[in-house]
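Have a look at the structure below before the remarks.
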Amino acid sequence: QVQLMESGGGLVQAGESLRLSCTASGNFPPLNVMDWHRQSPGKQRELVARITNGGTTNYAASVKGRFTISRDSAKNTAVLQMTSLKPEDTAVYYCAHVSMRGTYWGQGIQVTVSS
């Protein structure tokens, strides 16, 4: 079982920045991936950013150049630094931990960007 604790988020104005953090605890193998996904009303959940245990990253085209995902493997924490936020970034953001043990999700955290 893997537990995920998310923090950060909130309400900001367009152009501002926010930082989301996700810490994994429990029993999981060293080979794993930590993701941030988001879902806004009426839309499907989408992958925003991904980082492997080795530090390889992937980003959705819509956030590339504005968002940065990083990882502290010793603390099992993944951080999503979001800059130049836009109203269309408004969504519930979910952390996910993926390994051979399965995919585990955080409870989600609201990010709201006002214009």
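The values are calculated or read from the model by the stated rules, or taken from the named source; none is laboratory data. Since this is a predicted model, take the numbers as computed values, not measurements. When we count neighbours, we look across all protein chains shown, and the Cβ atoms used for this are built from the backbone with ideal geometry, even at glycine. Ligands, DNA and RNA are excluded from the accessible area calculation, which covers all protein heavy atoms including side chains. Shrake-Rupley method; radii C 1.70, N 1.55, O 1.52, S 1.80 Å.
In this rough spin-label picture, where each label sits 7 Å from Cα along the Cβ direction, the Glu88-Lys43 distance is 0.8 nm. The mean of 1/r over all distinct Cα pairs in the chain, once inverted, gives the Kirkwood hydrodynamic radius of 14.1 Å.
Local charge sum around Glu46 (other residues, Cβ-Cβ under 13 Å, Lys/Arg +1, Asp/Glu -1)? It works out to a net charge of +1.
List the lysines whose Cα sits under 25 Å from the Cα of Lys43, skipping any in the same chain fewer than 8 residues away. Reachable lysines: Lys64, Lys86. Taking only protein heavy atoms and a 1.4 Å probe, the accessible area of the chain is 51% carbon and sulfur. Taking amide H atoms as placed 1.01 Å from N in the peptide plane, the amide H of Asn32 lies under 5 Å from those of Asn53, each 5 or more residues away in sequence or on another chain.
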